[in-house]
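FYI, it's all coordinate maths here, none of it is from the lab. As the structure is a prediction and not an experimental result, all values here were calculated from the model. Glycine gets a Cβ as well: all are built from the backbone with ideal geometry, and neighbour counts include every protein chain shown.
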Amino acid sequence: MSGTSPQLDTTALGVTVPGPPEGAVSRRTLDPRTAVAILLAASITIMAPGGLLFVPAALVAGMLLAIAERAWRRVLALPLAAATAAAVAYLLPLAAPWPVLGIVGVMGGFSLRLVAVAGIAAHLIETMPPTRFTAALRSMRVPHAFTVSGSVLLRFVPTILAEARAVRDAMRLRGLGGWLDMLRHPVRSIEYFTVPLIASSLRSAEDLSASALLRGLGSQPHPTSMHPPRFGPADVVAVIVVAALVTATLLWEAGR
Amino acid sequence: MIELKNVRWAYQEGDTAVIDGLDLRIRRGETVVVCGPSGSGKSSALRLMNGLIPHFHDGKLEGEVRVAGEPITDLAQVGRVTGTVLQHPRRQFFTDTIDTELAFALENFGTPPERIRERVREVVAEFRLGELDGRLRELSGGQQQRVACAAAVTHGPPTLLLDEPTSNLSPQGIADLTAVLRHLRERGTTLVIAEHRLHYLRELADRIVVMQDGRVAKEWSRDEFPRLTEEMMREEGLRSLDAPKRIHVAPASGHGPSVQPAKTRPEDTESTGEAGGATAVAPAAGREAAGGGVVLRGIRCAFRGRPVLDITEAHLPAGVITAVTGPNGAGKTTLARVLAGLQRHSGEVLLDGRTMSRSRRQRETAIVMQDVQRQLFTDSVTAELRLGAVPEQAGHAATVLADLDLDRFDERHPLSLSGGQQQRLVVATARLSGRRVVIFDEPSSGVDRRHLQSMTRTMRDVAEGGAVVLLISHDADLLALAADRELRLRPIR
């Protein structure tokens with residue numbers, strides 16, 4: 001086959017399992033613009049004064065998104081985390097009315113709001129490849145400087161987390177990671193952690209940016225997209241569900 | 001196609017020129033291998049060709065560099081006429097799926113969407129990427145490099161530059177990459193490959209260029225290859241041009257679903273597997289347990305419910321170097337993490353007959369990781385050696401440094417050393433740590449022939465000091481030099 005056919009001869013490769021090629025963007029996923037809009041709306045309403053009212057709606061939205069994504073673990077974890085935070089916020093001060101627990105209770109209230117927003121944010125981070133995210137931002141006329149750095153950031157967060165775990169392992173093996181050590185020499189411990197973390201992250205960043213720049217990242221004022229963002233049935237469903245959740249919340253509030 | 005004329009280059013942070021008087025012409029459609037010992041400037045030569053020097057790295061450039069007849073004005077311009085593949089397949093991916101990765105360059109260069117989709121379909125078919133399943137980070141190293149090559153040529157550059165593309169690959173991964181390179185060569189792509197490992201390029205290369213001190217020291221054309229002897233390669237500090245022979249090392253005693261039985265190879269029938277493994281193992285385990293070392297019993301590990309490592313019993317004796325080999329996904333790194341106490345598992349680990357808790361193992365183990373920057377904590381080579389060295393070993397510091405070619409650098413900041421030097425520094429700290437278990441995880445990626453030998457000597461010293469030494473490696477050259485025993489792992493089905 002080699003020589004005459006334009007195809008790579010994979011008989012030497014030891015991989016023969018045929019499978020479908022990585023397909024186009026699934027119809028089930030939201031358009032990035034819809035996801036970003038829902039996230040923004042949820043963060044603003046929930047973090048605003050009186051936003052606690054919308055926490056249940058946001059939680060349901062987060063769980064529905066997790067179901068759509070088949071992230072079963074998150075479907076369960078979201079209500080559990082929210083219930084824990086709510087218990088700390090409302091039940092704990094009732095059970096033992098001490099001032100210290102009052103502070104803990106307030107923090108519980110904040111965590112509850114955070115959990116509600118995090119459920120929606122997690123969906124965005126899990127399902128949005130950096131290039132699609134950039135394409136969406138571009139179509140919203142977000143300036144170039146933000147789209148390029150935003151997509152690099154989105155690409156790089158998981159790398160830094162992986163590096164941090166590896167550095168922590170290396171510290172434990174050198175006997176540098178113990179709690180006692182950390183308390184006795186806090187500054188030195190931070191140094192031992194951050195110096196290798198920055199060094200190894202920089203090294204990965206160097207490869208990534210070299211490879212991205214050579215493939216033209218940021219070189220054109222008008223880059224294109226293989227699948228230009230387009231609203232689809234999933235977005236219509238999402239908007240209807242969100243509207244229903246908001247209406248239900250307002251009706252419930254009016255009925256009280 | 002590519003022309004370098006009397007080029008001189010010094011990195012801003014370095015005081016000496018890495019490239020000094022380099023003259024090199026590469027013709028259209030030619031396959032050229034650039035080799036030479038560590039620090040000879042082969043990676044820098046490649047960076048001159050893709051413009052990373054001087055448009056990405058800072059320093060002082062003299063002389064003339066032309067690619068496709070033009071001087072290089074910026075990275076995107078040279079990026080249109082060259083594709084680049086780097087050492088670490090995973091680090092250079094910008095996205096997480098094959099099609100988006102292939103589309104990346106075309107999108108950035110502003111190609112119309114329908115043309116991108118058409119071209120991505122063509123490349124998927126051409127490189128048979130349809131048969132790869134799943135996310136990029138879940139592919140094997142060889143498959144990832146295949147995608148990296150495809151992504152580098154999707155926008156149709158006539159030249160592909162590869163910087164040590166096999167240093168993280170298994171023998172199967174190298175075979176995979178070789179097929180891709182042969183295909184590219186046949187369709188007329190100009191290939192420039194900077195490499196330590198030469199055997200896989202013997203049939204592909206039109207020319208081998210040997211660099212020394214930043215310039216071309218020797219050139220061999222294709223018809224001269226048959227006359228190149230092992231002796232000549234050694235003289236130049238180069239690795240062998242012949243494929244490394246399959247090493248015959250005594251098998252380490254061990255059995256279980258993760259352990260490849262010693263007497264059968266994958267091509268043999270499955271039914272003889274269990275029996276062969278069991279008979280080879282049983283008597284040896286009893287005899288060696290008395291000599292000290294690590295015994296693993298009923299070790300099982302799973303990630304998200306998927307079993308990755310399952311060893312019923314294995315013995316890693318003290319005083320010898322045990323190589324842990326096997327394909328990607330066989331659980332080699334997981335085994336290292338279990339031994340070091342970094343990984344939760346069921347079963348027990350015994351050292352010299354006594355059960356060791358995970359925290360105890362963390363105190364008794366040293367690892368030389370693949371990415372060594374993660375384990376350099378202090379601000380000088382001396383301080384790095386002092387951190388965690390035991391007093392009785394501290395006296396050997398000078399000898400170890402000299403042996404690893406690091407004695408001139410004792411006051412340098414570890415992060416200012418080259419990659420190879422950093423790696424040897426971590427090896428030195430492991431040597432001085434006095435730990436009972438020392439694990440080397442792929443210590444030879446990007447290492448030339450001479451340092452392969454000093455690395456082996458250090459491992460040998462550690463073993464002779466009575467430690468259990470584990471060597472995780474794909475590198476047949478290193479395994480042939482260093483391995484006393486081989487524990488071959490296989491993926492669990």
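Structural remarks
- Pairwise label distance in nanometres, B:ASP23 with A:MET182, each label 7 Å out on the Cα-Cβ vector: 6.1
- Only Lys, Arg, Asp and Glu carry charge here, each on its Cβ (+1 for the first two, -1 for the last two); on that basis chain A has a dipole of about 180 debye about its Cα centre.
- Normalised alpha carbon radius of gyration of the stretch B:2-235 [divisor 2.2 N^0.38 Å]: 1.01
- Relative contact order of the stretch B:2-235, pairs being alpha-carbon contacts under 8 Å that are 6 or more residues apart, as %: 29
- Lysines whose Cα lies under 19 Å from that of B:LYS218, excluding same-chain neighbours fewer than 8 positions away: B:LYS5, B:LYS42
- Taken one residue at a time, the phi angles of the stretch A:228-243 give Karplus couplings (6.51, -1.76, 1.60, θ = phi - 60°) of x, x, 9, 6, x, x, 4, 5, 4, 4, 4, 5, 4, 4, 4, 4 Hz. Gly and Pro are set to x.
- Among A:SER149, A:THR194, A:ALA170 the positive-end extreme of the charge dipole of the stretch A:142-215 (Cβ point charges): A:ALA170
- Over the stretch B:39-84, relative contact order from alpha-carbon pairs under 8 Å, at least 6 apart, %: 37
- Shape call, the protein assembly as shown: gyration tensor on alpha carbons, a/c limit 1.5: oblate
- Label-to-label distance, nm, for residues given as B:ARG360 and B:ASP133 (7 Å Cα→Cβ offset): 4.3
- Taken residue by residue and averaged, Cβ atoms of other chains lying within 10 Å of the Cβ of B:79-92 number 4.
- In plain terms, the chain from B:ARG8 to B:THR399 could stretch by 137.2 nm, reckoned as 0.36 nm per residue minus the Cα-Cα distance.
- Between helix B:419-432 and chain B: long-axis angle, C-alpha atoms, 0 to 90°, nearest 10: 10
- Taking amide H as placed 1.01 Å from N in the peptide plane, the amide H of B:MET211 sits under 5 Å from that of B:CYS35, B:GLY36, B:ALA217, each at least 5 places away or on another chain.
- At q = 0.11, 0.13, 0.15, 0.16 Å⁻¹ the log10 of I(q)/I(0) for chain A amounts to -0.91, -1.13, -1.26, -1.29, computed by Debye summation with a single uniform scatterer per C-alpha, solvent ignored.
- Other residues lying with their Cβ under 12 Å from the Cβ of B:LEU161 contribute a combined charge of -1, Lys and Arg counting +1, Asp and Glu -1.
- The amide H of B:THR84, built 1.01 Å from its N in the peptide plane, has B:LEU161 as neighbours under 5 Å, considering only residues 5 or more places off or on other chains.
- Gained length - B:ARG450 relative to B:ALA175, 0.36 nm times residue gap less alpha-carbon distance: 96.5 nm
- With a Förster radius of 45 Å applied to the C-beta separation of B:GLU230 and A:ARG70, the computed FRET efficiency comes to 0.20.
- FRET E, pair B:ARG386, B:SER221, Förster distance 56 Å, beta-carbon r, rounded to 0.05: 0.65
- Spatial separation of Cα centroids for the stretch B:388-461 and the stretch B:113-192, in angstrom: 35
- Per-residue ellipticity at 222 nm computed for the protein assembly as shown from its helices equals -14500 deg cm²/dmol, with DSSP H segments shorter than 4 residues left out and the rest contributing -39,500 (n - 2.57).
- Calculated from backbone phi, Karplus (6.51, -1.76, 1.60) coupling profile of the stretch B:68-74 in Hz, x at Gly/Pro: 6, x, 10, x, 7, 9, 8
- Chain A, relative contact order [Cα under 8 Å, separation at least 6], %: 25
- Think of chain B as having a plus end and a minus end, set by charges on the Cβ of Lys, Arg, Asp and Glu; of B:THR31, B:PRO391, B:THR189, B:PRO391 sits farthest toward the positive end of this dipole.
- Amide hydrogen proximity for B:ARG488: with H placed 1.01 Å from N in the peptide plane, the residues at 5 or more positions away or on another chain lying under 5 Å are B:ALA252, B:GLN260, B:THR325.
- Reachable aspartates and glutamates, given that their alpha-carbon falls under 18 Å from the alpha-carbon of B:LYS60 and they are not under 8 places away in the same chain: B:GLU13, B:ASP15, B:ASP20, B:ASP23, B:ASP74, B:ASP213
- Rounded FRET efficiency, nearest 0.05, which uses the C-beta distance separating B:ALA302 from A:MET47 and R0 of 35 Å: 0.30
- Extension gain, B:ASP74 to B:HIS248: 0.36 nm times the residue separation minus the Cα-Cα distance gives 57.5 nm.
- Global form of the stretch A:139-250, assessed from the alpha-carbon gyration tensor, a/c cut-off 1.5: oblate
- Between B:VAL427, B:PRO165, B:ILE19, the Cα set farthest toward the positive side of the dipole of chain B (charges on each charged residue's Cβ, about the Cα centre) is that of B:VAL427.
- Label-point gap, in nm, between A:ALA254 and A:THR84 - each point 7 angstrom along Cα→Cβ: 3.8
- For the stretch A:27-131, trypsin sites (Lys or Arg not before Pro) are listed when DSSP marks them as loop and at most 12 other Cβ atoms sit within 10 Å of their Cβ; the list is A:ARG27, A:ARG70.
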